[in-house]
Structure formats: C-alpha cells, structure tokens
Amino acid sequence: MRFRNSISIIGGCGHIGFPLGLAFANKGYKVILIDKNLYNIDLINKGVSPYKEDKAEYYLKKSLEKKRIFSTNDLNEISKTQYIIICIGTPVNSNFKPNLKNFFRLIKKLKKKINKKQTLIIRSSIYPGLCEKVSKILNFKNLCYCPERVVQGKMLVEIKNLTQIISGINEASVKKAKLLFKKICKKTIITSILEAELIKLFSNTYRYIHFAIANQFFMICKKNLINFNKLRKNMIDGYDRNSSLPSQGFTAGPCLLKDTLQLLSFTKNKFDLGFSSMKINEKLPIFLINEIKKEINLKNKTVGLLGLTFKSETDDIRDSLSIKLLNYLKKKKIKTLQSDPYYKNKKNINPKKLVNQSDIIIIGAPHKLYKKIYIPKKKILIDIWNIKN
C-alpha cells in the first residue's frame, strides 16, 4: 500500500539525495532515504547530518520529530511511495567514458519492484539519451528527468530560489513532477528530455571552461612574473564586460569535470574546448610544483598541504585537485604533511603544527579559518586562492 504525498529517494544518504529529502520532508512529504551506506543511514536516523550542509541538522531534527523521514538500505521500501527519485552517482572511468554499470544494475532491480502507477524521477547527471534507454528497459512511461542544479553544501538555502527543469516521457508524469517540485522551487520550466540532459551538462561544462580561462591566464602571468590577481582587478575595474572573469584556483569536484567528460564522450571526442579546459585545470597543481622546482630542490624539503577538499567549507574530496597534488608529491617521494578541518583522516595534523614543520605551505582548499593562521615570512607560501591578501 502506497502512502499519499510520499517519496523514496535512492541514493538518499548522499550529497544530493539527503538535502533533497529534507526539503520535501519540510514541506510535509513522507520521505524514505534508501542507500547502501549503513554508516550514513545510522547517522541520519539518529539526527546527525553525514555531510556539511547548511541547515541540514535543523531540518533533520524537525523531520524526525514529525516522523516524516527515515533511512534504510531496503530497496523494497519504494513500493510504499508515490514518487521514486534516483540520486546515485554516475562517474566516468579511466578512459573518460561514462561508467553506468551501477546505474543500469539499479534499473534492472527496479524493473521487478516498480509499479506503473508510480512516478520515477531521475535527478543524477546523466549521459544524453539515458532516460529513453531506461524507459525501454523498464517498459515504463511515467519517467521524468529533473536535474539538480544546486551548489553543494547550500542546497537547502538555494533550491527555493532556483528554476527547476522538468522533462519526461509522457505528459502525465511531467505534470506530476511539476506539482512536486513546485513545493520546494520558485519556478519550473518544462523542456524535452534531451534538452534537460544537455542543460545539465552544458551548465557544469560552462562553469568548468570559465574557470579554465582564469587558470590559463594565471599560468601565463606566472610565467611572465606578473601578479594575475592585480591584473584581473585592473581588467574588471570600471569595465563590466570583464566582470564575469573568475579568480584562479583548483577547479574540481564531483560534477564539473565529470559532466565535461560526459559531453566530450557524447560528441565522440569532437569537443575541443572541453578537452582543452580539462588539460588546463587538471595540470594546474603540477604547474605550481614545477614552478617551485625552478628555485628550490624539494628532495630535502617538507611540503604542507592546508585543505584537502575540492572546495572551501565542504568535507567532500571527490575529484579534489588538492588530493591529486598530495598523491603526486608522495609519488615523487617528497615529504608531505596534511591538514583539513572538515575531511576526517588519521594523517591530518593541526594546521599550526603543519605550518611550523613545513618548509613550503600550499593552500589546497581556501577554508575560511586559514585566513587567521599566521605563516612566517621565512616560509614559502603557495596561495593560489589569494586568501592571505
């Protein structure tokens, strides 16, 4: 028997599914978070957020008190809900191709459990054309693609002001998805499925390319002994056409690179701009090390890395360039120290201790607390984010 106003979220204890579930629970829906991660399931059921997400624990406590949300690893729970939302990861493999084995393994399991009166919504970043394939495998028409577009860690704050893209196999399911998302979003737009799939990939790829421009400019300036931050400030000052140029920095995370590579695969490697952006962004950490090597022999030096996550104020290290840099230094047998206030790792040390024991300090993720840490002038500081100025 299905509950009215009920939603099951597969991948519900992840960075996308968990806050989405909280948003719907806060609007009165009965939400079941389904996941394989037993540790996160236990945390959520105890009222503890497994991730750094603004307002998550406040909403979670309210939802648990009203018995609107619970977590489980039992996929059979989907039979109790009107809506099923898929929020599992869709990574790329070492050949830069979408790795969809786990995704299709899930779809085959759903085929035996899903009821044709239910509405299935895919929210993950997906390869264009995937929704049509899923519909054929399931022999199921009540299927929608409604991509997430939020900034990680800010979903509960941001989603209510974002426009939600709605697409689907048939009109009935599109109407149901629209009514559902209007509960938590300011506005909805209906598109074709392929348009929705491309909007998601184009959005992340556009941002990735944008950051690559800044990183390329930064490297050109570095080679010519010019301060890019000062140059950028002068470019923007009184000239609005340059105002969208971002600052340089490690461009990473679970979406920007992955979706650029999915688009590259979709175009059969005919996406030169995306491929060039990947080379620029991914090589930035090595570029910094090579610049240091021109002046210093690193063999007898200790390099300390402040911040390991893929961006500031998060605990997520997926596709982190700071982690890739750390692994590169270790591979070269360079002594390293590491610290991060959000990513828990037994090798982490106190940031002040790291500063004292390191010859070279690299700010890998610009967490706000690093602004307050004193770094002596005798130390070599690599602050690509410019947070110490």
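Quick note: the coordinates plus some simple rules give every number you see, no bench work behind them. None of these values were measured; they are calculated from a predicted model. Cβ sites come from the backbone with ideal geometry, for glycine too, and all protein chains shown count toward neighbours.
Computed quantities for the displayed model
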{"quantity": "Length added when fully stretched, residue 133-residue 61, from 0.36 nm per residue minus Cα-Cα", "calculated": "22.0 nm"}
{"quantity": "FRET efficiency estimate (nearest 0.05) - Cβ-Cβ, residue 268 to residue 190, R0 30 angstrom", "calculated": "0.55"}
{"quantity": "Magnitude of the charge dipole, the chain, Cβ model with Lys/Arg +1 and Asp/Glu -1, debye to 20", "calculated": "660 debye"}
{"quantity": "Among 352, 187, 112, residue whose mean-square fluctuation peaks in a GNM of the chain (springs only between Cα atoms under 10 Å)", "calculated": "112"}
{"quantity": "Rounded if a/c under 1.5, otherwise prolate or oblate - region 89-133, Cα gyration tensor axes", "calculated": "prolate"}
{"quantity": "Near-label residues of region 362-389 by backbone N, under 19 Å of a point 7 Å along Cα→Cβ of residue 349", "calculated": "362-365, 370, 373-382"}
{"quantity": "Per-bin percent of Cα-Cα distances, the chain [10 Å]", "calculated": "5, 21, 29, 24, 15, 6, 1, 0"}
{"quantity": "Region 183-316 - charge dipole about Cα centre, Lys and Arg +1 at Cβ, Asp and Glu -1, debye rounded to 20", "calculated": "260 debye"}
{"quantity": "Calculated FRET efficiency for the pair residue 374/residue 313, C-beta based, R₀ 22 Å, to 0.05", "calculated": "0.55"}
{"quantity": "Separation in nanometres of the label points that stand 7 Å from Cα toward Cβ, at residue 113 and residue 97", "calculated": "2.9 nm"}
{"quantity": "Nearby aspartates and glutamates by direct alpha-carbon distance to residue 67 (threshold 16 angstrom, same-chain neighbours under 8 apart not counted)", "calculated": "42, 57, 77"}
{"quantity": "Estimated inter-spin distance, residue 234 and residue 36, nm [label 7 Å along Cα→Cβ]", "calculated": "5.4 nm"}
{"quantity": "Dipole moment magnitude, nearest 20 debye, region 108-253 about Cα centre, only Lys, Arg, Asp, Glu C-beta charged", "calculated": "840 debye"}
{"quantity": "Dimensions (Å) - region 1-146, Cα atoms, principal axes, largest first", "calculated": "40, 39, 23"}
{"quantity": "Rounded if a/c under 1.5, otherwise prolate or oblate - region 271-358, Cα gyration tensor axes", "calculated": "oblate"}
{"quantity": "Relative packing of peptides 8-19, 166-177 - highest average C-beta neighbours within 10 Å first", "calculated": "8-19, 166-177"}
{"quantity": "Cross-link partners of residue 333 among aspartates and glutamates (Cα-Cα below 16 Å; sequence separation of 8 or more within a chain)", "calculated": "359"}
{"quantity": "DSSP beta bridge pairing in region 6-191, given as percent antiparallel to the nearest 5", "calculated": "10 percent"}
{"quantity": "Highest to lowest packing among 337-346, 221-230, 280-289, 79-88, scored as the average C-beta count within 10 Å", "calculated": "79-88, 280-289, 337-346, 221-230"}
{"quantity": "Segments 46-54, 194-202 sorted - mean Cβ within 10 Å per residue, highest first", "calculated": "194-202, 46-54"}
{"quantity": "Whichever lysines have a C-alpha closer than 16 Å to that of residue 66, once near sequence neighbours (fewer than 8 apart) are set aside", "calculated": "27, 30, 46"}
{"quantity": "Global form of region 146-300, assessed from the alpha-carbon gyration tensor, a/c cut-off 1.5", "calculated": "prolate"}
{"quantity": "Kyte-Doolittle mean at least 0.0, axial Cα span of 18 Å or more - DSSP H helices of the chain", "calculated": "193-223, 272-293"}
